[in-house]
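Below you'll find the structure, written out as structure tokens, and then a few comments.
Each reported figure results from applying straightforward, stated rules to the coordinates on display, with no laboratory input. Nothing here was measured: the structure is a model prediction, and the numbers come from that model. Neighbour counts are summed over all protein chains in view; Cβ atoms, including those assigned to glycine, are modelled from backbone coordinates with ideal geometry.
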Amino acid sequence: MTAVRSGPWSFLVYLVLPHPVKMRLLSPELVGRLDRVNLAVNVAMYSGSGASAYDQTHRYAEAEHHEYPAKPLVEDIWPGRGYGRALELGAGTGYFTRIIALRAQSVLAVEPVPDMQRVLLAGCATDGLRNVEVLGAPATELGRHVPPASIDTALVVQSLHHLHRRPEVFEALARVVRPGGRLLVVEPHHNVRRVARLIRKWIKYYRARAFWSNDMNWATHDFLTRREIIGLCRRAGFEPRRVSGYWIPGLGRIVRDPAARFRLERTLGRIPLLRHFAGVLALEAQRSPRAPR
Ligand SMILES: C[S@@+](CC[C@H](N)C(=O)[O-])C[C@H]1O[C@@H](n2cnc3c(N)ncnc32)[C@H](O)[C@@H]1O
């Protein structure tokens with residue numbers, strides 16, 4: 001990242017810019033370098049105890065904070081009559097894969113990091129799930145391994161913010177999802193609160209030379225704006241049906257019951273201005289039924 005790595009101020013700009021703007025500013029050589037940095041960082045972060053202790057670290061099944069709103073969406077709202085032949089991108093330890101598998105004919109769990117794949121398969125074996133298969137490939141290579149139009153539902157849960165080359169990823173998803181099939185995404189939201197948090201962290205830690213001069217700290221960890229996620233969908237041939245925002249600040253203190261808050265946020269999180277402050281975005285999109293196969 002040497003060319004943009006000219007100092008703490010460039011790093012601050014790199015941190016706060018929305019992902020598509022940032023990517024437009026990088027030369028093809030730097031994007032190639034980001035490929036290598038992202039792969040190295042993901043493998044380092046999600047290997048060894050990064051994989052075996054992931055669920056405890058994220059306090060899944062223990063603290064509502066870490067699985068809200070993904071769990072009620074994946075478990076109750078999204079399945080409808082079932083996910084059919086599902087594909088999950090960036091499946092990790094399989095916490096959500098197992099929930100999907102109970103509501104699907106089959107699940108193709110796309111996960112490039114071997115230790116995560118091992119944890120995922122062990123969890124499925126423990127739960128007696130026989131309809132899950134792992135694809136150890138990065139998102140951009142989906143098209144090489146998955147037949148066109150062979151998937152009824154693609155899900156991306158909290159993984160997209162680790163990926164760059166997002167238009168390619170959405171094009172790959174559009175090729176494998178059948179016309180009329182669904183794309184369901186839950187991702188953290190890039191908004192003014194996120195920018196303020198990044199600036200606070202930059203003041204405290206990131207502006208130190210030791211931090212910004214390390215290539216590994218330039219790895220992609222870019223939350224998504226509403227505009228970005230809608231644009232990615234439309235350009236790839238998915239029609240967004242619903243984009244909601246969850247974790248509206250202060251609401252947790254007023255509505256204590258998570259189930260009641262979830263129902264309320266599903267409506268409130270679509271209201272302009274209010275929705276901007278939500279911490280998490282959830283997208284429900286459909287591949288055009290008339291899209292070419
Ligand atoms: C934050 S974890 C989320 C895991 C899981 N979806 C969950 O919510 O528990 C992000 C996952 O995306 C995977 N990942 C990173 N880069 C990827 C890529 N290029 N293609 C597919 N998955 C990727 C990581 O290995 C990691 O398992």
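For the peptides 101-111, 6-16, the ranking by packing is 101-111, 6-16, with the highest mean count of neighbouring Cβ atoms within 10 Å listed first.
Provide the convex hull volume over Cα atoms per residue for the chain, in Å³. Provide the component values of the computation, followed by the final result.
Working: hull volume 39.5 nm³, N = 293.
Once divided by residue count, the hull of the chain is 135 Å³.
Suppose every Lys and Arg Cβ carries +1 and every Asp and Glu Cβ carries -1, with no other charges. What dipole size does the chain come out with about its Cα centre, to the nearest 20 debye? Each step should come with its number before you reach the end.
Values: 43 positive and 25 negative charges, 218 e Å.
It comes to approximately 1040 debye.
For ALA137 and GLN105, the FRET efficiency from 1/(1 + (r/R0)^6), where r spans their Cβ atoms and R0 equals 25 Å, is about 0.70.
Working note: 222 nm ellipticity from helices only, DSSP H runs with n ≥ 4, each -39,500 (n - 2.57), summed and divided by the residues of the chain, gives -11000 deg cm²/dmol to the nearest 500. A viscosity of 1.002 mPa s and a temperature of 20 °C, combined with the Kirkwood radius over C-alpha pairs in the Stokes-Einstein formula, give the range 11-95 a diffusion coefficient of 132 µm²/s. Overall, the anisotropy analysis places the range 61-117 in the oblate class: the square-rooted eigenvalues a ≥ b ≥ c of its C-alpha gyration tensor yield a/c not less than 1.5, with a/b not exceeding b/c.
When ranked by the protection proxy of mean other Cβ atoms within 10 Å per residue, highest first, what sequence do the peptides 252-263, 181-192 form? Kindly include the intermediate steps, with their values, before the conclusion.
On the way: 252-263: 12.9, 181-192: 22.0.
In descending order of packing, they fall as 181-192, 252-263.
As a length-normalised measure over Cα pairs under 8 Å and 6 or more apart, the relative contact order of the range 1-142 settles at 19 percent.
How much FRET efficiency would the formula 1/(1 + (r/R0)^6) give for ALA210 and ARG234, where r is the Cβ-Cβ distance and R0 is 41 Å, rounded to 0.05?
Values: r = 42 Å, r/R0 = 1.01.
Efficiency, from the Cβ-Cβ distance: 0.50.
Legend: helices of the chain (whole DSSP H runs) are marked when their alpha-carbon atoms reach 27 angstrom or more along the helix axis and their mean Kyte-Doolittle hydropathy is at least 0.0; nothing is marked. Annotation for the range 110-159: trypsin sites (Lys or Arg not before Pro) lying in DSSP loop with at most 16 further Cβ atoms inside 10 Å of their Cβ are ARG130.
Could you identify which residue out of PRO79, PRO69, PRO179 has the top mean-square fluctuation in a GNM of the chain using Cα springs shorter than 10 Å? Answer for the Gaussian network model of the chain: PRO79. The relative contact order of the chain comes to 20 percent, based on Cα pairs under 8 Å that sit 6 or more residues apart. Residues whose amide H lies under 5 Å from that of GLU239, counting only those 5 or more places away or on a different chain, are GLN286, ARG287, SER288; hydrogens are built 1.01 Å from N in the peptide plane.
Given R₀ = 51 Å, FRET efficiency for ASP127-ARG193 by Cβ-Cβ distance, to 0.05?
Values: r = 37 Å, r/R0 = 0.72.
It comes to 0.90.
Taking a ≥ b ≥ c as the square roots of the eigenvalues of the Cα gyration tensor, an a/c ratio of 1.5 or more together with a/b no larger than b/c marks the range 199-293 as oblate.
Which whole number in µm²/s is D for the range 53-152 by Stokes-Einstein, with the Kirkwood Rh taken over Cα pairs at 25 °C and 0.890 mPa s? Working shown, then result.
Details: Rh = 13.9 Å.
D = 176 µm²/s.
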